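Let me begin by presenting the structure, written as structure tokens, before commenting on it.
Where a number appears in this text, it was derived from the coordinates with a stated rule and is not lab data. Owing to the predicted nature of the structure, the values given are computational and were not obtained by experimental measurement. Reconstructed Cβ throughout: ideal geometry from the backbone, glycine too, with neighbour counts over all protein chains shown.
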Amino acid sequence: MLTKLTVRNFKRFGEAEIELGNPVVFVGPNNSGKTTALQALALWHIGLKRWNEKRRGKKTPGQRPGVTINRRDLIALPVPDSNLLWRDLHVRDIRRSNGSQETSNIRVDLIVDGVTAKSPWTCGLEFDYANEESFYCRPLRRPDAEGARFPVPDEASNINVAYLPPMSGLAANETRLDPGAVNVRVGEGRTAEVLRNLCYRLVEQQADRTAWDIIHDRVQHLFGVDLDEPRYIAERGEIVMTYRERSGVRLDLSSAGRGLQQVLLLLSYIHANPNTALLLDEPDAHLEILRQRQIYNLLSDVAAQQQCQVIIASHSEIFLNEAADRDVVVAFVGTPHRIDDRGSQLLKSLKEIGCEQYYQAEQMGWVLYVEGATDLAILSAFARNLGHDAAGVLERPFACFVQNNSTAAQSHFHGLREAKNDLVGFAIFDRLDRELPADPHLRMYQWKRREIGNYLCRPDVLYEYAAKSVVESVPGPLFEEGELNKRREAMVKCVADFVPRVALRDSNDQWWHDTKASDEFLDRVFADFYKALGLPNMLRKTDYHVLARLMRPDWIDSEVKHVLDLIVETAGSAKPRDEGL
């Protein structure tokens, strides 16, 4: 997984450090550098590939160690002149000293940090301008040793990066293309010419067609249409693709809505690029407001299944709100920086009542108030594990995050009711130790335990997480058993260090109810667990929904089922705008 990108002298960036995660969402106004950051990662990957092709396993020459990259190789960031990659087109620095002129090259530096298996690594590359058609790439030089350069880690060499620009529509006819030609068109933003090719490749190259079956089922679930397999017409050299409406009418894919085409492009591209860092530029384009949250969660789930890292550039407030409390969000306002303060002015302004929230209230007819996106993800995971009807309701709710503030929830709810006077709502809070106000339209409930995290606090779940983390981090089954024992022992010790003995013996002990699970227990357990393994902490508070996915049905408290019943009841009483149409 890529964890940080450092950029110097590339396009609009003088110097910037950009934190990465999985997933990570870049947000900011137009022309603020979001796409440039994606292109920096793509350029780093191209440089790394060219270096490994020419120099891997060989002794690097002392003079002119760089490898040449032609601008035509930059399929993910096509430019008519190589100097367009340099900040302000500034490729040389000229200085006059004592009547003489000194010229030095200005280098683009791209440094990527990552974690592969159990090993953190850093790989830095520098780029020197040669001429309008080409430039040179080599490993970053060490500042403390003249002529010496940082090594290229093997872990970095195994990283794949794939860039997908925004959807550009769909061509009426599409000829069959080789994979290289598909990649060139994708890099140039000509996605209209490759969608059928991507789908055809999945059907043609996989004997069991598992990927295509998964895509077919997901599109059918989302849009209610039945996709036909793409077919190659040899006489014309074209690929054709059709789908069937609910009425049974068969139509060409070009007749489908842009939203369906966009989702199909995303799914086919992810399945065509497993084990890859995916750079997705505006994947929310063409998607309605209500479906954007659903697609964000879909992208996260499908990418996880394909063992991909997702790096998204987006304008969507829905994407931002969904990612803000559970994933990494980087704001491209001024210097790119991570947003991790729930009370920050940027997040606060984006969570005020806006026209899109009034629209969602009318469309859905009900609203759900929770503390944050992590709580929503935990509830959704509980519902799926239980096979509860709330799983469908929570797939794309109109959810608002109120940071455990019942007054804010009421104020926001009644503001929405000014536009839709039959709106109903449900609010769930941490234990407040006081009575909640009665409201005939907004049903409010507080957990009997300290917070929702307390329903995740079972030693069994933590041991399950320790075992699960082995599969995701160890390169093969040969090393799994030893690492499994090591991680399980580390987790057992961490749990024993922080849980009283009486609570370890009794899962119903009051300690499990009254402890503030996230801050006083889980945060400390995972900090010590990863410290014992010698790794950076990979599970913080915003990621605790991962634990909910590991909960077995018989581990989930009956109160959780009661809350899910209340959510289903509230959603069932809603009167959406399109009801009866």
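Which peptide among 562-571, 99-108, 37-46 comes first, and what is the full order, when sorted by highest mean count of other Cβ atoms within 10 Å?
Sorting 562-571, 99-108, 37-46 by mean packing, highest first, produces 37-46, 562-571, 99-108.
Starting from the Cα coordinates of the chain, work out the convex hull volume and express it per residue in Å³.
193 Å³
To the nearest 20 debye, what charge dipole does the chain have about its Cα centre, counting +1 at the Cβ of each Lys and Arg and -1 at the Cβ of each Asp and Glu?
The dipole magnitude comes to about 1700 debye.
Note down the net charge around residue 550, summing +1 for each Lys or Arg and -1 for each Asp or Glu among other residues with Cβ under 11 Å from its Cβ. Walk me through the numbers on the way to the answer.
On the way: positive: 458, 468, 549, 552; negative: 460, 464.
Counting the neighbours of residue 550, the net charge comes to +2.
If you build the convex hull over the alpha carbons only and average its shadow over all orientations, what do you get for the stretch 416-525? Give it in nm² to one decimal.
10.6 nm²
Taking the Cβ of each residue in 423, 379 as the centre, tally the other Cβ atoms inside 10 Å and list the residues starting with the fewest. Don't jump to the answer; show the numbers that get you there.
Numbers: 423 22, 379 28.
In increasing order of surrounding Cβ atoms, one gets 423, 379.
How tilted is helix 459-473 with respect to the longest principal axis of the chain? Cα atoms for both, answer in degrees (0 to 90, nearest 10).
The helix 459-473 is inclined about 20 degrees to the chain.
Sort 271, 337 so the one with the fewest other Cβ atoms within 10 Å of its own Cβ comes first.
Fewest-to-most ranking of 271, 337: 337, 271.
Compute the helix-to-body angle for 289-305: its Cα long axis versus the longest principal axis of the chain, expressed 0 to 90° and rounded to tens.
That works out to roughly 70 degrees.
How far is helix 258-272 tilted, in degrees, relative to the longest principal axis of the Cα atoms in the chain, given as a value from 0 to 90 rounded to the nearest 10?
The helix 258-272 is inclined about 70 degrees to the chain.
May I ask you to sort 380, 254 by Cβ crowding, counting other Cβ atoms within 10 Å and putting the fewest first?
Fewest-to-most Cβ neighbours within 10 Å comes out as 254, 380.
Mind ordering 20-30, 432-442 by average Cβ neighbours within 10 Å, highest first?
Sorting 20-30, 432-442 by mean packing, highest first, produces 20-30, 432-442.
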